[in-house]
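Asks: My questions all concern the structure below.
The values are calculated or read from the model by the stated rules, or taken from the named source; none is laboratory data. This one's a predicted model, so the numbers in the text were calculated from it and none came from an experiment. Here the Cβ is made from the backbone with ideal geometry for all residues, glycine too, and neighbour counts use every protein chain on show. Ligands, DNA and RNA are excluded from the accessible area calculation, which covers all protein heavy atoms including side chains. Shrake-Rupley method; radii C 1.70, N 1.55, O 1.52, S 1.80 Å.
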Amino acid sequence: MSRLKILALTAVIALIVLLVVPAVATAQQLPPCRVQGTVALDGKTAPDGTTVTASIEGTQVATGTVASGKYKVQFDLGTYSGKTITFKVGTAAANETAVATNGLVTLNLTATSGVGPTPTPTPTPSQTPTAQPTPIPGPKGDKGDTGAAGPAGPKGDTGATGPAGSAGSDGADGDDASSALGIVALIIAIVALIVAAFVMLRKKAA
């Protein structure tokens, strides 16, 4: 490659760099899109702390909160330039929209939550009670027939134990056993003497 071609290529590259670098730097230095203003909800200033959400084509791009009745949101413009921004105040859709552009956009938001004021109950008129005449009792009616006997009641509890009976009278005297025993002993003694005498006589005879 000749020196002339090298110089020409270098000049082209330098020209491209000179054109591209400032454009990139300019794109990076673009300020973000900022939107701010007042917020009214249900016809009144939105309470402090109420969330304000900004979305583009269904994508949330920024959020902010209400302070002293005002809000402020911002986001990098990027590919959103020229697109419509929609807003929500809390969960209620705001009536206003804005176009995404670099720099500051002032937009006052109004929204309706759909919750109406609490209705005041209608007082019920009090009614004065009407005085009623005192009823006069009628004559006493005839005595009714005796009703049928009811079923037998359950068996009662066992009664308490009665007191102990008085002592019985003394029994009759028994037979005199001592006299009978004496007679039996006497008979046994006589029999023993007779047997002893018989045994002695038998010995002498032998």
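Asks: Using a 1.4 angstrom probe with every protein chain in place, what is the largest-first accessible-area order of K204, K83, K70? List each step's numbers first, then the result.
Replies: Working: K204 160, K83 65, K70 125 Å².
Correct descending sequence by accessible area is K204, K70, K83.
Asks: Using per-residue counts of other Cβ atoms within 10 Å, averaged over each peptide, order 187-198, 143-154 from highest down. Write out the running numbers ahead of the final one.
Replies: Working: 187-198: 9.8, 143-154: 5.8.
In decreasing order of mean packing, 187-198, 143-154 become 187-198, 143-154.
Asks: Straight-line reach from K44: which lysines have Cα under 20 Å away, leaving out those fewer than 8 places along the same chain?
Replies: Qualifying lysines at Cα under 20 Å: K70, K72, K88.
Asks: If I stretch the segment between T84 and E96 completely, what's the gain in nm (0.36 nm per residue apart, minus their alpha carbon distance), one decimal?
Replies: Contour length minus the Cα-Cα distance gives 3.3 nm.
Asks: Can you send over the solvent-accessible area of E96, 1.4 Å probe, protein chains only, in Å² to the nearest 10?
Replies: Answer for E96: close to 50 Å² accessible.
Asks: Can you give the local net charge around L104? Use residues other than it whose beta-carbon is closer than 11 angstrom to its beta-carbon, Lys and Arg +1, Asp and Glu -1. Write down the numbers at each step before the final one.
Replies: Working: positive: R34, K72; negative: none.
Surrounding charge for L104 is +2.
Asks: If you don't mind, there's one more thing I want to ask. Keeping the other protein chains in place, figure out the carbon and sulfur percent of the accessible area of segment 40-118, with a 1.4 Å probe. Numbers along the way, then the final one.
Replies: Working: 2190 of 4590 Å².
The nonpolar share, carbon plus sulfur, comes to 48 percent.
Asks: If each of S68 and R202 carries a label point 7 Å out from its Cα toward its Cβ, how far apart are those two points in nm?
Replies: Simple spin-label model gives 15.9 nm for this pair.
Asks: Given contacts defined as C-alpha pairs under 8 Å and at least six residues apart, what's the relative contact order of segment 52-98, whole-number percent? Mind dumping the intermediate values first?
Replies: Details: 64 pairs, mean separation 17.6, N = 47.
Answer for segment 52-98 is 37 percent.
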